[in-house]
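The values are calculated or read from the model by the stated rules, or taken from the named source; none is laboratory data. Everything numeric here is computed off the predicted structure, so don't read it as measured data. Ideal geometry is used to build each Cβ from the backbone, glycine not excepted, and the neighbour counts take in all protein chains shown. Accessible surface is based on the protein model in full, side chains and every heavy atom, while ligands, DNA and RNA are left aside. Shrake-Rupley method; radii C 1.70, N 1.55, O 1.52, S 1.80 Å.
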Amino acid sequence: MTREAMKRLRSGDKRTIAQFITRVENDQDHAVMEAIFPFTGGAYHIGITGPPGAGKSTLVNALAKVLLEKKKKVGIIAVDPTSPFSGGALLGDRVRMNDLALHKDVYIRSMASRGSLGGLALKTKDALMVLDAAGMDYTIIETIGVGQVELDIAQVCDTTIVVLVPESGDSIQAMKAGLLEIADILVINKSDRPGSDRLLTELKFALEMREQESGWHYPILQTVALEHRGVSTLVTTIEEHEKYLTTSKRLEQMRKLQLMRRIKELIEHRIRDHVERLVSHTGDLNTVIDLVYRRKKNPFRIADLIARKILASRR
Ligand SMILES: Nc1nc2c(ncn2[C@@H]2O[C@H](COP(=O)(O)OP(=O)(O)O)[C@@H](O)[C@H]2O)c(=O)[nH]1
Ligand SMILES: [Mg+2]
């Protein structure tokens, strides 16, 4: 990748951002990641998660608008596990975020997970780093908070917001899905509907245990995203959380932990590739498998032998 491309990326050029994300999305391009890494670390990552239809996209839209008013640059990634480019949910997101997308200080990207079972979390994290290097002050990641992928993504978010709606059983569902554990801020959206106060009481009760364990008291906010109600309070609360993480050095600790995880992941990948290559090159396994099948040889001994051979051979 050229120095000109890097320059354009760092100036926040949208086409260049798109190209970079496509590259990391397609082949987990190490060269790209290596080149952008020195320019990352400046963005603050906000995760928004919750059940489908809770109003996450509507809330992201409203949130971004408040941040733009504060002259912040905002990158948005919507991870949609069901629809690629024609599906309803994504289309809905598109339409809703459309006017926003025209703003010069906003970049919006959808990551469709269909057809890319593995690696979605990693690709999303890499895309966040591209946005980070592109000079975004804030990134907002929308996910449907259910699976491991979403929980993985939540790990790299500095502030994770869980969005629920006042419908019966929602708080229980959220607890089952482990959502309350990852929430730094809880939002009861659609508070124009009945049941919001009841859910508030339930959630307060559910969070009581957690509150004693941490210096951060987990706020529960009521919003009506559709009318932008409660959204500026949400932004203030995010800023408070950011301040808490910074002054308590939690942010630094969290980020060091993530970097450590990433390095370990990379080492594992490299070693795995190396092993794959060696195992497929040595004819050992093919010749021996028949003997193992007939119980003449023991797979545990064989594995030990081959592993020792691989470790002894330096490339
Ligand atoms: N009544 C009400 N409807 C809302 C509110 N926020 C969003 N919606 C509607 O809920 C539906 C789902 O919203 P969306 O943002 O796509 O939800 P997502 O699936 O969580 O991203 C849309 O029809 C929105 O217009 C709200 O605060 N009150
Ligand atoms: Mg959505």
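Here the gap between residue 227 and residue 311, fully extended at 0.36 nm per residue and compared with their Cα-Cα distance, gives a gain of 24.1 nm.
Note down the net charge around residue 222, summing +1 for each Lys or Arg and -1 for each Asp or Glu among other residues with Cβ under 11 Å from its Cβ. Once all neighbours under 11 Å are counted, the net charge is +1.
Estimated from the Cβ-Cβ distance and a Förster radius of 41 angstrom, the FRET efficiency linking residue 148 and residue 294 is about 0.60. What you get for the chain, charging only the Cβ of Lys and Arg (+1) and of Asp and Glu (-1), is a dipole of about 1360 debye around the Cα centre. Straightening the chain between residue 1 and residue 246 buys 84.8 nm, computed as 0.36 nm per residue apart minus the Cα-Cα spacing. Axis angle, to the nearest 10 degrees, between helix 88-101 and the longest C-alpha principal axis of the chain: 60 degrees.
Database remark: amide H of residue 44 closer than 5 angstrom to the amide H of 138, 139 (H placed geometrically; neighbours at sequence offset of 5 or more, or on other chains; Pro and chain starts carry no H).
Helix 250-281 axis versus longest C-alpha principal axis of the chain: approximately 30°, rounded to the nearest ten. Annotation: extensible slack from residue 287 through residue 271 equals 3.4 nm (criterion: 0.36 nm per residue apart, minus Cα-Cα distance). Loop-located GluC sites (Glu not before Pro) in the stretch 190-259 (DSSP state not H, G, I, E or B) with no more than 15 neighbouring Cβ atoms inside 10 Å: 213. Distant-in-sequence amide contacts of residue 107, defined by a placed amide H-H separation under 5 Å and a gap of 5 or more residues or a different chain, comprise 74, 75, 76.
Of the peptides 42-49, 272-279, 101-108, the ranking by mean beta-carbon count within 10 Å, highest at the top, reads 42-49, 101-108, 272-279. Evaluated at q = 0.10 Å⁻¹, a Debye calculation over the C-alpha positions of the chain (equal weights, vacuum) places log10 I(q)/I(0) at -0.64.
Accessible area per residue was computed with a 1.4 Å probe on protein heavy atoms; residue 11 scores about 80 Å². Using θ = phi - 60° in the Karplus curve 6.51 cos²θ - 1.76 cosθ + 1.60, the 3J(HN,Hα) couplings for the stretch 129-144 round to 5, 4, 5, 4, 5, 7, x, 5, 7, 10, 10, 10, 10, 9, 9, 8 Hz; x is entered for Gly and Pro. When the square roots of the Cα gyration tensor eigenvalues are ordered a ≥ b ≥ c, the ratio a/c for the stretch 263-312 is 1.5 or more and a/b exceeds b/c, which makes its shape prolate. Applying the Karplus relation 6.51 cos²θ - 1.76 cosθ + 1.60 with θ = phi - 60° to the stretch 56-69 yields 3J(HN,Hα) values of 4, 4, 4, 5, 4, 4, 5, 4, 4, 5, 5, 5, 5, 4 Hz, where x marks Gly and Pro.
Of the whole protein surface, residue 287 contributes about 100 Å² of accessible area at a 1.4 Å probe radius. What the phi angles of the stretch 34-49 give under the Karplus curve with 6.51, -1.76 and 1.60, with θ = phi - 60°, is a coupling list of 4, 5, 8, 3, x, 9, 9, x, x, 7, 9, 9, 10, x, 10, 9 Hz, glycine and proline written as x.
Taking the 0 to 90 degree range and rounding to the nearest ten, how far is the long axis of helix 231-247 tilted relative to the main principal axis of the chain, both from C-alpha atoms? Between the helix axis and the principal axis of the chain, the angle is about 50 degrees.
Note on the chain: GNM, Cα springs under 10 Å; of 295, 210, 250, the largest mean-square fluctuation is that of 295.
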